[in-house]
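Here the structure is laid out as structure tokens; the discussion comes afterwards.
Only the coordinates and a few stated rules stand behind these numbers; no lab work does. Please read all numbers here as calculations on a predicted model, not as lab measurements. Cβ sites come from the backbone with ideal geometry, for glycine too, and all protein chains shown count toward neighbours.
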Amino acid sequence: MTVLWGVLILAGLGLILGFLLALAAKLLAVPEDPRIKEVEKRLPNANCGACGFAGCHEMAVALVDGEVKNVSRCKAGNKERNYDPIIAYLSATPGPDGKSVKVTL
């Protein structure tokens, strides 16, 4: 009987803590600019670090935030397949604040 109580208490505690974690995930979620995912799709996704960032996601964040102005900093990409689509997308798509990012080769 004591084993049953232990199992019930642990199961109840697991349910309560699981619910609290799910609630915290909803309430504390940080929204990300949707342009980051689109720019990341247009990068070569080599995650080589040759651009000076840890991977393509960080490079996409820097491009969207305007920290990096030269998309050719990505050494694994090429002009037609990667650079031109990123430049066209960022110049045509404004961010949540209504401003477009100007990036060059």
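Descriptive notes on the structure:
- Where labels lie 7 Å past Cα in the beta-carbon direction, separation of Trp5 and Asp84 in nm: 7.5 nm
- Spatially proximal lysines relative to Lys26 (Cα-Cα < 21 Å; intrachain offsets below 8 disregarded): Lys37
- 15 Å beta-carbon shell around Lys37, net charge (K/R +1, D/E -1): -3
- Near Val61: Cβ cut-off under 11 Å, other residues only, Lys/Arg at +1 and Asp/Glu at -1. The net charge is -4.
- A Gaussian network model of the chain, with springs between Cα atoms under 10 Å, assigns the largest mean-square fluctuation among Val68, Val39, Val30 to Val30.
- Axial C-alpha extent at least 20 Å, average Kyte-Doolittle at least 0.0 - helices from the chain (DSSP): 2-27
- Taking Cβ atoms as reference points and 12 Å as the exclusive limit, the residues near Val103 contribute a net charge of +2, counting Lys and Arg as +1 and Asp and Glu as -1.
- Using 0.36 nm per residue and subtracting the Cα-Cα separation, the extra length available between Lys75 and Lys102 on full extension is 7.8 nm.
- Calculated Rg/Rh (Cα atoms, Kirkwood Rh) (choose from (1) 1.08; (2) 1.33; (3) 0.92), label: (2)
- Computed FRET value (nearest 0.05) for Lys41 with Leu21, which takes r as the C-beta separation and R₀ as 41 Å: 0.85
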